[in-house]
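Trainee: Below are the structure tokens for one structure; questions will follow.
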Amino acid sequence: MVLRTAENYVEQMRASKVWQSIFRSGTGVTNLNRALRIQQNVFLHLFSVKARRKVLSFSVTWYLGALTFGTFVILVITGILLMLYYHPSVPQAYADMKDLQFVVSSGVFLRNLHRWSAHAMVLLVFAHMFKVFYRGAYRPPREFNWVIGVILLLVTLVLSYTGYLLPWDQLSYWAVTVGSNIASAVPLIGAKIRFLMLGGNQVNANALLRFYVLHCMILPLATIFLIAIHFWRIRKDGGLYPGEGIKGANQNG
Ligand code: HEM
């Protein structure tokens, strides 16, 4: 009964002039209208309008890709909130961390939510990769999406690493000193890579600014762009891989 009333409300809203001016798909719960809603929406059109029932079950993907995406969304939201309290300058960055701890209400919760979501994302992205590999979903025609996935994995790791310097405490300082020294061991261009990373020869204010811009702008935008391609490719590769012996499992959609 309650469900029916809620459904009626949704249908009424969809029939309204405002809704119709934004979303062009027709009203009424027909399969055609449902397909149009996905196909004509700028974000949803990345996904397939149809899916095999089997690939929606938990056992196929363990929802690991979706969970990885979920942690990324939490990270973007909490990251934007953290930016409201953080200055990427020396020594203010460290003072801002202390303010989050002792002055900002729910500051510790916000910071920890960001931190733990970052750890979870790294774990989940590896788990998702292993699950895809175990199912054999990396094989043609999905090999390009596997490559996009590998880049996403690397970007996720670099996001974690660049975020590590931002608290500007002893742990971050020495982690980045060690990391940039490792980078300088690359044959021939090692010293140049280190210089490019730090914006100089030492871990100082220039390095903090570089890591901040990478962490808060360049890498998140790159991740969003790559995730959009990743989702769109699932549609183009004929939907999620349903497993061996399913008709059309290896067809391009
Ligand atoms: C930010 C990181 C990533 C996000 C948000 C993400 C998200 C997703 C989602 C939501 C799916 C669909 C369902 C599922 O499998 O759960 C998927 C499928 C897929 N992902 Fe990822 N993924 C990421 C990283 C990776 C990595 C690291 C790889 C491999 C190196 C990868 C390879 C694939 C492949 C090949 C598919 C298609 C699987 C199939 O057809 O069954 N992804 N991804």
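The values are calculated or read from the model by the stated rules, or taken from the named source; none is laboratory data. Since the model is a prediction, treat every value here as computed from it, not as a measurement. Methodologically, a virtual Cβ is constructed for each residue, glycine included, from the backbone with ideal geometry; neighbour enumeration extends over all protein chains shown. All accessible areas refer to the heavy atoms of the entire protein, side chains included, with ligands and DNA or RNA removed. Shrake-Rupley method; radii C 1.70, N 1.55, O 1.52, S 1.80 Å.
Trainee: Gain in length, TRP174 to ARG53, computed as 0.36 nm per residue apart minus the alpha-carbon separation, to one decimal in nm?
Mentor: Net length gain for the segment: 38.5 nm.
Trainee: Still on this structure, please answer the following. Determine the shape class of the stretch 1-146: with a ≥ b ≥ c the square roots of the Cα gyration tensor eigenvalues, call it rounded for a/c under 1.5, and otherwise prolate if a/b is greater than b/c, oblate otherwise.
Mentor: Oblate, since a/c reaches 1.5 and b/c is not below a/b.
Trainee: Could you work out what % of the accessible surface of the stretch 144-253 is carbon and sulfur, using a 1.4 angstrom probe and leaving DNA, RNA and ligands out of the count?
Mentor: Here carbon and sulfur together make up 71 percent of the probe-accessible area.
Trainee: At 0.36 nm per residue, and after removing the present C-alpha to C-alpha distance, how many nm does the segment from ILE189 to PHE126 gain when stretched out fully?
Mentor: 19.7 nm
Trainee: Any chance you could tell me what percent of the C-alpha pair distances in the stretch 1-87 go past 21 Å?
Mentor: Everything past 21 Å amounts to 58 percent.
Trainee: Pull out the extension gain between PHE225 and HIS45, defined as 0.36 nm times the separation in residues minus the alpha carbon to alpha carbon distance; nm, one decimal.
Mentor: Length gained, PHE225 through HIS45: 63.3 nm.
Trainee: May I ask you to rank SER16, SER59, SER180, SER105 by accessible area, largest first, using a 1.4 Å probe over the protein chains only?
Mentor: SER105, SER59, SER16, SER180
Trainee: Right, here's the next one. Distance between the C-alpha centers of the stretch 89-108 and the stretch 155-220? Whole Å please.
Mentor: Taking the Cα centre of the stretch 155-220 as reference, the centre of the stretch 89-108 is 21 Å away.
Trainee: While we're looking at this one, here's another question. With a 1.4 Å probe and all protein chains kept in place, how much accessible area does LEU221 have, in Å² rounded to the nearest 10?
Mentor: Around 100 Å² of this residue is reachable by solvent.
Trainee: Rounded, prolate or oblate: which one fits the stretch 67-191, using the alpha carbon gyration tensor with axes a ≥ b ≥ c (rounded when a/c is under 1.5, else prolate when a/b beats b/c, else oblate)?
Mentor: Oblate, since a/c reaches 1.5 and b/c is not below a/b.
Trainee: Taking N as the number of residues in the stretch 90-143, what is its Cα Rg relative to 2.2 N^0.38 Å?
Mentor: Rg over 2.2 N^0.38 Å, computed on Cα atoms: 1.88.
Trainee: Divide by every residue of the chain the summed helix terms, -39500 (n - 2.57) for each DSSP H run of at least 4, and state the resulting mean residue ellipticity at 222 nm, rounded to the nearest 500 deg cm²/dmol.
Mentor: The per-residue figure over the chain is -21000 deg cm²/dmol.
Trainee: Could I ask something else about it? Whats the longest run of the chain with zero trypsin sites (Lys or Arg not before Pro) that are DSSP loop and have at most 12 other Cβ atoms within 10 Å?
Mentor: In short, 51-246.
Trainee: Now for a separate question. Calculated FRET efficiency, MET217 and VAL108, Cβ-Cβ r, R0 30 Å, to nearest 0.05?
Mentor: 0.75
Trainee: Could you state the principal axis extents of the C-alpha atoms in the chain, from the largest down, to the nearest angstrom?
Mentor: Projected onto its principal axes, the Cα set of the chain covers 63, 45, 31 Å.
Trainee: A further question follows. Any idea of the accessible area per residue across the stretch 71-129, 1.4 Å probe, to the nearest Å²?
Mentor: Each residue of the stretch 71-129 exposes 59 Å² on average to a 1.4 Å probe.
Trainee: At q = 0.11, 0.18 Å⁻¹, work out log10 I(q)/I(0) for the stretch 109-253 with the Debye formula, treating every Cα as an identical point scatterer and leaving solvent out; two decimals please.
Mentor: Result of the Debye calculation: -0.55, -1.05.
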